[in-house]
Amino acid sequence: MFPTLDTIINRLLGTHIVYSFPTYNAIFYIAIFLAFLWGYFTIRIQESRGSFPPISGKEKIQEPITRAHYLSRLIPAFVFAYFLIGVLIHYEEFIDNSQEWIRSLKGSWTGGLFIALVLFLNLFFKSRKYVRDPNARVPQKVFFSSEVWKVALATVVFGLIGARLFEFIEHLNTIEGDFFHRLFISGGMNFYGAVVFGMVTIAWYVKKLNVNVWRVMDVAGTTMLAAYALGRMACMFSGDGCWGIENPNPQPEWLSFLPEWTWAFDFPHNSINAGVEIPGCSGDYCHVLGTPVFPTPIYESTMTLIALAITLLIQRSLQKVGQVLFVAVFLLGINRLIIERIRINPTYEILNISLTQADMISIGLLIVSISGFLYLQYSSKSLSRAGRA
């Protein structure tokens, strides 16, 4: 396992650097970034086909960049980069005492100034273009792709809030000690929390922009699957405890073409130090599971990639805008219901049936996806996929 980034870098390059930023977080943020690119370029392609016409009632006029405009952009950028880069550079100190770090207002002056300088140069060259271009004040049509970054930023913020909140609630009965640290600093992420909060944020923001919500939700559906497939690999690489039940059984003959670790894995050097100590190991991550378990993260990533492929293959045959989203949600719910049979999660007794939080949400997603699909199929108000938003 690779609990921190330096373990991956050192393994690949043979170096001995020390940088204990969690691998889980790194892959999680990469998944968010790649999901943004997926969604952005999907929308750009659909705009070129006429599926996303210019935003109604919105035009863009290039205005001269004033001193106030510079300050309103540069100051927030500097503050954000100052704290974020400071945390990345001094991550161990931040984790050891996060509240004291926040109160001390520590950060990275170099990082903050660098980001502010890059933004300043971008604004400066834009202002030069305004001076050179005599047609700069001619109103230009605004397409949704130019607004995607705003939607994405809002979705990430509220998605992260939802992911932390759902994870916190799921393990509420096991939480001990500092609630602030458990809610905001330590612990993992709950994908369903991110989906629920993220989708609501997208719908609200897109409706505010006067863009067809269902067309955007179709893009969000495939983006969600792509992000989840990659995001689950964060659990696999770091060994964060999101594995399955114990599996001491030998690998079946019919699966002999697969590596043995895909059937049962003991997650050596896992990031939560679960299991028994590894003899002769030194460092912070020296534990291995005593009994191998099902490596469910790799199963979920594979199943989600298959779900994504199915969704992309059948989307052209769907008749109504919005149905792509419900197909993606349906397949995600099925996948999770299957995988929960061999996963370790807290259970709740509902009508004498033991269900995990993921089970309950998956059942809800199945009901919503089937109902939504049928509603769009037979509603006279729904838009044909051949129509425009």
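Pick out the one residue from 203, 274 that is modelled with pLDDT of 90 or more, in contact with a His (Cβ under 8 Å, 6 or more places away or on another chain) and surrounded by fewer than 22 Cβ atoms within 10 Å (Cβ to Cβ).
After applying the criteria, what remains is 274.
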Worksheet item: Here are some residues: 308, 332. Which one is closer than 20 Å to residue 190 by Cβ and within 21 Å of the chain's Cα centre (by Cα)?
Response: 332
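Condition check: closer than 29 Å to residue 20 by Cβ, in contact with a strand residue (DSSP E or B) (Cβ under 9 Å, 6 or more places away or on another chain), crowded, with 17+ Cβ neighbours inside 10 Å and of a type in the set (S, T, N, Q). Does residue 291 satisfy that?
no
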Response to the item:
Of the residues in the range 34-54 that are of a type in the set (Gly, Ala, Ser) and under 17 Å from residue 217 (Cβ atoms), the one that is modelled with the lowest pLDDT is 51
Discussion item. For a quick check of your reading of the model, give me the residue pairs whose first member lies in the range 258-272 and is without any contact (Cβ under 8 Å) to a residue 40 or more places away in the chain, whose second is in a loop (DSSP other than H, G, I, E, B) and among the β-branched types (Val, Ile, Thr), with beta-carbon atoms closer than 8 Å and at least 6 apart or on different chains.
Written reply: 266/291
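Could you pull out the residue among 268, 279 that is out of contact with any Ser or Thr (no Cβ under 9 Å at 6 or more places or on another chain), surrounded by 14 or more Cβ atoms within 10 Å (Cβ to Cβ) and assigned to a loop (DSSP other than H, G, I, E, B)?
Checking each option against the conditions leaves just 268.
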Discussion item. Between 298, 363, which is touching a residue at least 12 places away in the same chain (Cβ under 8 Å), in a helix (DSSP H, G or I) and surrounded by fewer than 17 Cβ atoms within 10 Å (Cβ to Cβ)?
Written reply: 363
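With the condition kept exactly as written, say whether any residue in the range 323-338 is assigned to a helix (DSSP H, G or I), touching a strand residue (DSSP E or B) at 6+ places or on another chain (Cβ under 8 Å) and surrounded by 14 or more Cβ atoms within 10 Å (Cβ to Cβ). Quick ask: steps written out before the conclusion?
The initial filter retains those residues of the range 323-338 that are assigned to a helix (DSSP H, G or I), namely 323-338.
Checking the rest, the ones that are also touching a strand residue (DSSP E or B) at 6+ places or on another chain (Cβ under 8 Å) come to none.
No: the range 323-338 contains no residue that is assigned to a helix (DSSP H, G or I), touching a strand residue (DSSP E or B) at 6+ places or on another chain (Cβ under 8 Å) and surrounded by 14 or more Cβ atoms within 10 Å (Cβ to Cβ).
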Worksheet item: What tally of residues in the range 254-265 results from selecting those that are exposed (fewer than 10 other Cβ atoms within 10 Å of the Cβ) and either assigned to a helix (DSSP H, G or I) or in contact with a Lys or Arg (Cβ under 7 Å, 6 or more places away or on another chain) (or both)?
Response: 1
Worksheet item: For residue 320, all conditions in the list (1) over 26 Å from residue 28 (Cβ atoms); (2) free of Cβ contacts under 8 Å to residues at least 60 places away in the same chain hold save one; what is the number of the exception?
Response: (2)
Worksheet item: In this structure, is residue 115 at pLDDT 85 or above, among the hydrophobic types (A, V, I, L, M, F, W, C), part of a helix (DSSP H, G or I) and crowded, with 16+ Cβ neighbours inside 10 Å?
Response: yes
Practice prompt. Would you be able to say whether some residue in the range 312-320 is over 30 Å from residue 241 (Cα atoms), under 21 Å from the mean Cα position of the chain (by Cα) and assigned to a helix (DSSP H, G or I)?
Written response: yes
Practice prompt. Filter the range 234-253 down to residues that are assigned to a helix (DSSP H, G or I) and under 13 Å from residue 301 (Cβ atoms), then give me how many there are.
Written response: 4
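The values are calculated or read from the model by the stated rules, or taken from the named source; none is laboratory data. All values derive from a computational prediction rather than experimental measurement. All Cβ positions, glycine included, derive from the backbone under ideal geometry; neighbour counts span all protein chains shown.
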